[in-house]
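One structure is given here, and the rest of the page talks about it.
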Amino acid sequence: MAAVAAPWVVALATLAATPAHAQTLLDFSAAERSRILAHGPWPPPAVRDAANRVDGQRAAIDFGARLFFEPRLSAGGDMACASCHLPPRAFQDGRPVAVGRAEGIRNTPTLLDVAQQRWFGWDGAHDSLWVASLSPLLQAGEMGQRLDTLAATVRGDPRLAAGYRAAFGAAPGANDEQIAVDLAKALAAWQAALVSPRTPFDDFRDAMARGDPAAAARYPLAAQRGLRLFIGEARCSVCHAGPAFSNGEFADIGVPFFVPGGVDSGRHGGLQKLLASRMNRLGPHNDAGTADPRAVATRHVIVEPRHFGEFRVPGLRQLAHTAPYMHDGSLARIEDVVQHYSALNEERLHADGERILRRLNLTPQQAADLAAFLRSLSR
């Protein structure tokens, strides 16, 4: 039997026969196509957290949505989760650093696609979304509540008490800590439902997956060239991997970590907080207990010197709507981020550990192409 040519082989042969001025699709190699396909499909399957018994449940999602906009969860009655994570701003605030944070030194991250993360916060101080939701409720400088007043607010308000009962199957009881944890789990259920929309890149990626060169050719050439850089010579996809464009880990990328009054130790300090907390996955509020498959990661983390100054690798989806960038909000535009890596000061990087980053020395055209690709990750 005669071998049947793969659709992409036929398509590329056809494109090669057309006049050069009509060429609108780069001749991606098989290896490049494989790397591109690894960034999808989108949206991904829902990720359920076994540590949160109400994750994915409609009543909990609805209750969490109400709590997200409820200012009475703050000590002063004047701040809600939505005060910093504004829905019209892709669930962040557009400021370099958050207003009211105890540290006052970190950028407010978007909540879109937050369920895809394995560690939470720029420093990874939390190992579940519900713990990351509990922390700002109680932390001085943020919402600043106490366990007893938070629980009393829920017990004393008929609507909040009814929402709690619908989400958890019982009225709020006498255990203040349990009520606070449950509120955080409802908030986490709501946030886990915040999935970013599909993008021009996704349309291109899926056209490539099904062997549709005509549809793939609608993707702008500048974005195609930038994508080739991203998965190839620039090696961006080593860290910004998978459908969410993040490997979920932490890295030193040469952004100074000196802050007023000292330093921001990043992952080093985050791990110390994580291991000291009774609210982590090894603690008493994990609904799955020892059966939680994600608890093993917390059990085996080790604080090492290389973690100093490392910060979480963020996802890149909806990047055009989440400026400014970096953990300290120091870069205002996507072009500034590209320039940071193009002119990277390698002397700022850790001397120990695996060396991944290097100065890219991009030409102006390459820098523009890479920015065009990054913008195509937004709708």
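Every number in this text was worked out from the coordinates using simple rules, so none of it is lab data. This one's a predicted model, so the numbers in the text were calculated from it and none came from an experiment. Reconstructed Cβ throughout: ideal geometry from the backbone, glycine too, with neighbour counts over all protein chains shown.
Give, as ranges by residue number, the residues of the stretch 299-343 whose backbone N falls under 18 Å from the point 7 Å along Cα→Cβ of VAL263.
303-312, 327-328
How much space per residue, in cubic angstrom, does the convex hull of the C-alpha atoms of the stretch 58-192 take up?
Taking the convex hull of the Cα positions in the stretch 58-192, it is 100 Å³ per residue.
Does anyone have the angle between helix 158-168 and the longest principal axis of the chain? Alpha-carbon axes, 0 to 90°, nearest 10?
Relative to the chain, helix 158-168 is tipped by roughly 60 degrees.
Percent relative contact order of the stretch 58-192, based on C-alpha pairs within less than 8 angstrom and at least six residues apart?
With pairs under 8 Å counted, the relative contact order is 31 percent.
Calculate, in nm to one decimal, what GLU335 and ARG66 gain on full extension: separation in residues at 0.36 nm each, minus their alpha carbon distance.
93.1 nm
What distance in nm separates the two pseudo spin-label positions at LEU37 and ILE302, each 7 Å out from Cα along the beta-carbon direction?
3.8
Helix 176-192 against the longest principal axis of the chain: what's the angle in degrees, Cα atoms only, rounded to the nearest 10?
Approximately 20 degrees, to the nearest 10.
Go through the stretch 222-318 and name the GluC sites (Glu not before Pro) that are in a DSSP coil and have 13 or fewer other Cβ atoms within 10 Å of their Cβ.
Taking the stretch 222-318 and a limit of 13 other Cβ atoms within 10 Å, the loop GluC sites (Glu not before Pro) found are GLU233.
Using a Gaussian network model on the chain with a 10 Å cutoff between Cα atoms, which of ALA343, ALA75, ALA98 fluctuates the most?
In this elastic network of the chain, the residue with the biggest mean-square fluctuation among ALA343, ALA75, ALA98 is ALA343.
If you take every residue apart from THR110 with its C-beta less than 14 Å away from the C-beta of THR110, what net charge results, scoring Lys and Arg +1 and Asp and Glu -1?
Within the 14 Å Cβ shell, the charges total +4.
Starting from 0.36 nm per residue, how many nanometres of slack lie between ARG165 and GLN272 once their C-alpha separation is accounted for?
Taking ARG165 through GLN272 to full extension adds about 35.0 nm, to one decimal.
If R0 is 45 Å, what FRET efficiency do you get for ALA140 and ASN361 from their C-beta distance, rounded to 0.05?
The computed FRET efficiency comes out at 0.50.
In Å, what Kirkwood hydrodynamic radius results for the stretch 275-334 from the alpha-carbon pair distances?
Mean inverse Cα-Cα distance, inverted, gives 14.7 Å.
Using Cα pairs under 8 angstrom and six or more residues apart, how large is the relative contact order of the chain, in percent?
This gives 23 percent for the chain.
Shape of the stretch 64-133 from its Cα gyration tensor (a ≥ b ≥ c, root eigenvalues): rounded if a/c is under 1.5, otherwise prolate when a/b > b/c, or oblate?
Taking the square roots of the gyration eigenvalues as a ≥ b ≥ c, the stretch 64-133 is rounded.
For the chain, what number results from the quotient of the Cα radius of gyration and 2.2 N^0.38 Å?
With N residues counted in the chain, Rg over 2.2 N^0.38 Å equals 1.09.
Give me the angle, in degrees from 0 to 90, between the Cα long axis of helix 267-276 and the longest principal axis of the Cα atoms of the chain, rounded to the nearest 10.
Helix 267-276 sits roughly 40 degrees off the main axis of the chain.
Rounded to the nearest 5, what % of the DSSP beta bridges within the chain are antiparallel ones?
Percent antiparallel among DSSP bridges in the chain is about 90.
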